[in-house]
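A.B. asks: Sharing a structure here in structure tokens format.
The values are calculated or read from the model by the stated rules, or taken from the named source; none is laboratory data. Everything numeric here is computed off the predicted structure, so don't read it as measured data. Cβ sites come from the backbone with ideal geometry, for glycine too, and all protein chains shown count toward neighbours. In case anyone asks, the SASA skips ligands and DNA or RNA and just uses the protein heavy atoms, side chains included. Shrake-Rupley method; radii C 1.70, N 1.55, O 1.52, S 1.80 Å.
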Amino acid sequence: MRYTIDSEVFRDVPEFVRGIVVIENLDNSGQHERLGSLFRGEMYQAAEDGGRTTTDPRITAWEETYKTFPLPRGERIHPGHGTLLKRLKKGDAERIPFISPLVAISNIIAVKYMMPCGVFDTGRVTGDLMLTAATGEESFLPFGKDTATGVVSGEVILLDSGQNTVVCRAWNSRGGQTTAVSADTKNAIIDIDCLSRIVGHDVLDEALSEAVSLVSQFCGGLVRVERLSSDNRQIAI
């Protein structure tokens, strides 16, 4: 499997870097009391930290980035870490669910480092992966829905070329059901996105390092780190 970022993605956002944690032969079952404690503690810490707000440049820079490509009419898209932080600031720290170890780790990284962070099951990917502009012919199955929807031509999506399905809409904002992780997931990817003019490469390195550490402790498996950027647009998974 190849994982590629289309060169056009960097045209308006040349500073974009995607950190990738590739995990093989993992165990995503169980609650893990210690991880659950770390997860809940990070949710409360983010909720109470006055330095992390929904108007933080680490959130608003992504909202501006989304304006560089077409979106559904009337919709304002927010990065996942911004949506999660908004819930936390409203007092939902206790109600954010521990879905699985991988999802918990992704959420910890997202709010701790204030960066978009998502996870998906590579065992459910049928072709190659590409972050690219949609043609408008792709299908996307949102969470909580039984039927697939279309996407906007020109919208930046993470595409599974095998069945022309969307893994994530709006760059990194909306993951879908098709490649969602479950207790049966054995192989997965965690994506951590960085706009280097806002968040330095050293912070991305730290976030990747912590993600690797948490995965190794609570999911096991073989773990490695890759990066995609304007200088390195393709890797083999």
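A.B. asks: Considering Ser7, Ser100, Ser29, which residue is out of contact with any helix residue (DSSP H, G or I) (no Cβ under 9 Å at 6 or more places or on another chain) and surrounded by fewer than 16 Cβ atoms within 10 Å (Cβ to Cβ)?
C.D. replies: Criteria check complete, one pass: Ser7.
A.B. asks: May I pose another question? For the range 32-72, enumerate the residues that are basic (Lys, Arg) and open to solvent by less than 20 Å² (accessible area, probe 1.4 Å).
C.D. replies: Answer for the range 32-72, where residues must be basic (Lys, Arg) and open to solvent by less than 20 Å² (accessible area, probe 1.4 Å): just Arg52.
A.B. asks: Would you confirm whether any residue within the range 194-204 is part of a strand (DSSP E or B) and either under 17 Å from the mean Cα position of the chain (by Cα) or within 21 Å of Arg2 (Cβ to Cβ) (or both)?
C.D. replies: Yes - at least one qualifying residue is present in the range 194-204.
A.B. asks: On to the next question. Scan (1) within 28 Å of Leu141 (Cβ to Cβ); (2) touching a residue at least 40 places away in the same chain (Cβ under 8 Å); (3) surrounded by 20 or more Cβ atoms within 10 Å (Cβ to Cβ) for the single condition Ala207 breaks and write down its number.
C.D. replies: Result: Ala207 fails condition (1) only.
A.B. asks: Another question, if that's okay. Please work out which residue is farthest from Arg52 (Cα to Cα), limiting yourself to the range 97-126 and to residues that are assigned to a helix (DSSP H, G or I) and among the small types (Gly, Ala, Ser).
C.D. replies: Filtering first and then ranking leaves Gly123.
Rundown of residues vs (1) touching a residue at least 40 places away in the same chain (Cβ under 8 Å); (2) in a loop (DSSP other than H, G, I, E, B); (3) of a type in the set (Ser, Thr, Tyr), yes/no style:
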{"position": "Gly19", "(1), (2), (3)": "yes, no, no"}
{"position": "Ser29", "(1), (2), (3)": "yes, yes, yes"}
{"position": "Arg40", "(1), (2), (3)": "yes, no, no"}
{"position": "Met43", "(1), (2), (3)": "yes, no, no"}
{"position": "Ala47", "(1), (2), (3)": "yes, no, no"}
{"position": "Arg58", "(1), (2), (3)": "yes, no, no"}
{"position": "Ala61", "(1), (2), (3)": "yes, no, no"}
{"position": "Glu64", "(1), (2), (3)": "no, no, no"}
{"position": "Leu71", "(1), (2), (3)": "yes, yes, no"}
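A.B. asks: (1) touching a Gly at 6+ places or on another chain (Cβ under 7 Å); (2) modelled with pLDDT under 95; (3) under 26 Å from Ser29 (Cα atoms): which one isn't true of Asn172, the others all being true?
C.D. replies: (2)
A.B. asks: Right, another one. Please work out which residue is farthest from the chain's Cα centre (by Cα), limiting yourself to the range 73-88 and to residues that are surrounded by 14 or more Cβ atoms within 10 Å (Cβ to Cβ) and part of a loop (DSSP other than H, G, I, E, B).
C.D. replies: In this case the residue turns out to be Ile77.
A.B. asks: Quick one: would you say Thr147 is in a loop (DSSP other than H, G, I, E, B) and either open to solvent by less than 20 Å² (accessible area, probe 1.4 Å) or at pLDDT 95 or above (or both)?
C.D. replies: Criteria not met by Thr147.
A.B. asks: Condition check: free of Cβ contacts under 8 Å to residues at least 40 places away in the same chain and over 20 Å from Val111 (Cα atoms). Does Leu159 satisfy that?
C.D. replies: When the stated conditions are applied, Leu159 passes them.
A.B. asks: Starting from the range 220-232, take each residue that is touching a residue at least 24 places away in the same chain (Cβ under 8 Å) and list its partners that are among the hydroxyl-bearing types (Ser, Thr, Tyr) and in a strand (DSSP E or B), counting only C-beta distances under 9 angstrom and pairs at least six apart or across chains.
C.D. replies: Glu226/Tyr3; Leu228/Tyr3; Leu228/Thr4
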